[in-house]
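Step one of this worksheet: look at the structure below.
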Amino acid sequence: MEDRSPVLVVHGGFASGFSLERKERVRQGIIRAATVGYNILKEKGSAVDAVEGAVVVLENDPEFNAGYGSELNVNGEVEMDASIMNGKDLSTGAVSAVHSIANPIKLARLVMEKTPHCFLTDQGAAKFAAAMGIPEIPGEQLITERNKMLLEKEKLEKDGKIANSEKNLGTVGAVALDYAGNVAYATSTGGLVNKMAGRVGDSPCVGSGGYADNLIGAISTTGHGESILKVNLARLTLFHVQQGKTLEEAAGLSLDYMKSRVKGVGGVILVSKTGDWAVKWSSEAMPWAAAKDRKLHFGIEVDEMTTIDLP
């Protein structure tokens, strides 16, 4: 098989009401993640390596709702979800309700590669992490002052409607195509602010939070998790691609369906098996970046795109 031009696309989740200072920090974070992931591909790394590497950067960045910087549940605790998938053989790994590790996406990959299962949760995931030598950290190390304030604000408002939950839905994700023609996705999140303890959204659910199949492409989603779950947003979008739609058309059709059917808003990043890519969302903003042919494209708001050359 001839070598493909590698592609790496990342998203930083939904966003609204940014200060200019925070917008710049988010922009730098998303550029950093895309560059790390793309460099892995340039060194002939796998698509799985690349999406994991990119998402780890975002999990370690307090500006994003994943890993350090995750939203807090009703008890003021971090509960994180993540999933990853290899489009070569459809192998997948996912974890949910993870409390005390820095990088849930690394644990999800270990579930994929070191167990016969696809999905581990809560205490079972914690025991597996310990068995794999992943260091346990105090949960409070993942909590930022901003997220403490957001939780208090949310409890004061205590509305809970989708329209208001859009403020802080910052799931992160990545998709990639490597030189060998394999695709992969990774998605990671802290979930909704003020969520019930034990609530799991779309991010660790294959077919909703993401999907990867070498015969079609790869996708990672973000947005209102319950809405994304109801329509299987990731697989629905790739179904439209299978039916001959362009990536842009497929994304538009599935996001419009989710909005009209369940009043849900969301966003997607896609890469096709031939190396095309697309980003689309139905909210105010979604930080994203895409790297291909040594060029990096990035933006946050609709119709905003900057392109720079990569070394």
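Points worth noting:
- Sum of -39500 (n - 2.57) over DSSP H runs of 4+, divided by residues of the chain (222 nm, nearest 500): -10500 deg cm²/dmol
- Listed residues Ser19, Ser283 arranged by accessible area, highest first, probe 1.4 Å: Ser19, Ser283
- Rounded if a/c under 1.5, otherwise prolate or oblate - the stretch 111-251, Cα gyration tensor axes: oblate
- Overall, the stretch 87-216 carries a charge dipole of about 200 debye about its Cα centre when +1 sits on the Cβ of Lys and Arg and -1 on the Cβ of Asp and Glu, all other atoms neutral.
- Surrounding net charge for Asn39, when Lys and Arg each add one and Asp and Glu each subtract one, Cβ distance under 15 Å: 0
- The residues of the chain have, on average, 41 Å² of accessible surface per residue, using a 1.4 Å probe with all protein chains present.
- Student exercise, the chain dipole from Lys, Arg, Asp, Glu Cβ charges, in Debye to nearest 20: 320 debye
- Anisotropy class of the stretch 271-311 from Cα gyration tensor, a/c 1.5 cut: oblate
- Nonlocal amide H pairs with Tyr185, under 5 Å, H built at 1.01 Å: Met85, Gly87
- Positive-pole candidate from Cys118, Val10, Ala50, dipole of the chain, charges at beta carbon: Cys118
- The count of lysine pairs in the stretch 62-193 that are at least 8 places apart or cross chains, and whose C-alpha atoms lie under 28 Å apart, stands at 15.
- Structure note, pairs Lys245/Lys273; Lys230/Lys259; Lys42/Lys295; Lys23/Lys295: Cα-Cα distances above 18 angstrom occur for Lys23/Lys295.
- Most mobile listed residue (Leu236, Leu177, Leu270) in the chain, GNM with C-alpha springs under 10 Å: Leu236
- Cα-based Kirkwood hydrodynamic radius, the chain, one decimal, Å: 18.6 Å
- With all protein chains modelled, accessible area of His117 [1.4 Å, Å²]: 100 Å²
- Of the DSSP H helices in the chain, those that are both long (alpha-carbon extent of 27 Å or more along the helix axis) and hydrophobic (Kyte-Doolittle mean at least -0.5) are 20-42.
- Sparse-neighbour loop sites [GluC sites (Glu not before Pro); the stretch 32-108; at most 12 other C-beta within 10 Å; DSSP]: Glu43
- Considering only Leu20, Gly264, Gly275, and ranking their Cα positions along the charge dipole of the chain that arises from unit charges at the beta-carbon of Lys, Arg, Asp and Glu, the one farthest toward the positive end is Gly264.
- Shape category assigned to the stretch 244-299 from the gyration tensor of Cα positions, a/c cut at 1.5: oblate
- Taking Met149, Met305, Met112 and ordering them by how much accessible surface each has at a 1.4 Å probe, largest first, produces Met149, Met305, Met112.
- The Kirkwood hydrodynamic radius of the stretch 38-111, based on inverse pair distances between different Cα atoms, is 13.0 Å.
- D_trans [Stokes-Einstein, Kirkwood Rh over alpha-carbon pairs] for the stretch 175-311, 20 °C, 1.002 mPa s, µm² s⁻¹: 141 µm²/s
- Here the accessible area of the chain is 53 percent carbon and sulfur, with a 1.4 angstrom probe and all protein chains present.
- Most positive-pole-ward Cα, Met132, Gly76, Ala102, against dipole of the stretch 45-145 from beta carbon charges: Met132
- Measuring nothing but how far apart in sequence close Cα pairs (under 8 Å, 6+ apart) lie, relative to its length, the chain scores a relative contact order of 24 percent.
The values are calculated or read from the model by the stated rules, or taken from the named source; none is laboratory data. Only a predicted model underlies this, so the values are computations on that prediction, with no experimental measurement involved. Glycine gets a Cβ as well: all are built from the backbone with ideal geometry, and neighbour counts include every protein chain shown. Just so you know, the surface numbers come from the protein's heavy atoms only, side chains and all, with ligands and any DNA or RNA stripped out. Shrake-Rupley method; radii C 1.70, N 1.55, O 1.52, S 1.80 Å.
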